[in-house]
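Have a look at the structure below, then the notes.
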Amino acid sequence: MDPNQDRLDNPFGMDEDCANCPALRDSRSTVVHGYGDVTAEFLFVGERPGTGADRTGVPFTGDEAGERFQRVLSELGFSVSPPAADEPELRNAYLTYLARCHHPDRAPTDEEVGNCEPYLTADVRMINPEIIVPIGQRPLEELAFEYTTRDPSSFDVREEHATTIRGRGFELIPMVALDDQTDAQTAAFVDHVSESVFGRDYRQTKGRRSR
């Protein structure tokens with residue numbers, strides 16, 4: 001799977017007509033695969049596309065929660081686009097989800113998340129980030145299961161928000177789900193990344209490619 005960095009949307013050419021989940025296939029407008037810089041050191045993982053992303057086809061865009069998130073990216077220097085942009089210009093950041101299709105009335109089932117797991121695994125392996133940001137409780141538990149030695153049920157995203165968790169090959173910086181996030185929590189996340197992450201050499205020595 002070779003990346004195409006001439007495009008930010010779905011640069012790994014994942015199946016845009018995926019039919020693995022019949023209920024989601026019927027409810028979605030588009031399959032929302034990953035978006036961003038394929039050489040990114042920061043990988044952001046949400047649970048599922050919202051109504052905005054379902055419309056735009058780009059993770060974390062097109063609605064109020066997406067604009068909050070895009071403002072965070074701008075403050076941290078990951079985006080040079082307005083927060084309302086449907087196709088933001090990103091650098092050093094890649095955005096993706098556990099499940100790639102929107103349902104208007106419910107979260108994805110465990111089976112649906114499992115069906116999308118190969119897509120997420122491919123994202124992680126191809127991006128090979130330094131930092132993974134799980135956005136919400138479910139992404140935190142799913143990523144903790146794969147990349148930490150702790151019991152996933154021991155994590156509470158509200159308590160772990162804007163902290164750094166040492167993982168197996170990565171660091172995780174959890175973020176409270178955007179729809180539940182207060183202005184104070186948003187500011188705390190920006191401050192933590194700016195001061196505690198950018199303020200040190202967060203890069204690990206596990207064979208990183210040169211920049």
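The table for this structure:
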| read-out | value |
| --- | --- |
| Candidate set from the stretch 104-139 (those that are among the β-branched types (Val, Ile, Thr) and within 16 Å of the chain's Cα centre (by Cα)); member that is nearest to residue 176 (Cα to Cα) | 135 |
| Which listed residue is modelled with pLDDT of 95 or more and surrounded by 17 or more Cβ atoms within 10 Å (Cβ to Cβ), from 87, 67 | 67 |
| Residue identified as of a type in the set (D, E, K, R), surrounded by 16 or more Cβ atoms within 10 Å (Cβ to Cβ), at pLDDT 95 or above and closer than 25 Å to residue 187 by Cβ among 112, 159, 75 | 75 |
| Members of the stretch 64-116 found to be more than 21 Å from residue 7 (Cα to Cα) and among the polar types (S, T, N, Q), listed by number | 109, 115 |
| Any hit, the stretch 100-120, residues being in contact with a strand residue (DSSP E or B) (Cβ under 7 Å, 6 or more places away or on another chain) and of a type outside the set (S, T, N, Q) | yes |
| Failed item in (1) in a helix (DSSP H, G or I); (2) basic (Lys, Arg); (3) within 14 Å of the chain's Cα centre (by Cα), with residue 100 passing the rest | (1) |
| Single match in 100, 138 (criterion: in contact (Cβ under 8 Å) with a residue 40 or more places away in the chain, crowded, with 16+ Cβ neighbours inside 10 Å, of a type outside the set (Val, Ile, Thr) and out of contact with any Cys (no Cβ under 7 Å at 6 or more places or on another chain)) | 138 |
| Cross-chain or 6+ apart pairs with Cβ under 7 Å, the stretch 182-211 first and over 16 Å from residue 172 (Cβ atoms), then of a type in the set (D, E, K, R) and modelled with pLDDT of 90 or more | 186/68; 190/75 |
| Any chance residue 182 is closer than 20 Å to residue 69 by Cα and of a type outside the set (A, V, I, L, M, F, W, C) | yes |
| Conditions (1) among the basic types (Lys, Arg); (2) modelled with pLDDT under 95; (3) buried (at least 20 other Cβ atoms within 10 Å of the Cβ); number of the one not met by residue 150 | (3) |
| Only one of 144, 107 that is at pLDDT 95 or above and of a type in the set (A, V, I, L, M) | 107 |
| Unmet criterion (only one of (1) hydrophobic (A, V, I, L, M, F, W, C); (2) under 21 Å from residue 12 (Cα atoms); (3) surrounded by fewer than 19 Cβ atoms within 10 Å (Cβ to Cβ)) for residue 80 | (2) |
| Residue in the stretch 51-61 that is touching a Phe, Trp or Tyr at 6+ places or on another chain (Cβ under 6 Å), hydrophobic (A, V, I, L, M, F, W, C) and at positive phi present | yes |
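The values are calculated or read from the model by the stated rules, or taken from the named source; none is laboratory data. What you see is a predicted model, and the numbers here were worked out from it, not measured in a lab. Reconstructed Cβ throughout: ideal geometry from the backbone, glycine too, with neighbour counts over all protein chains shown.
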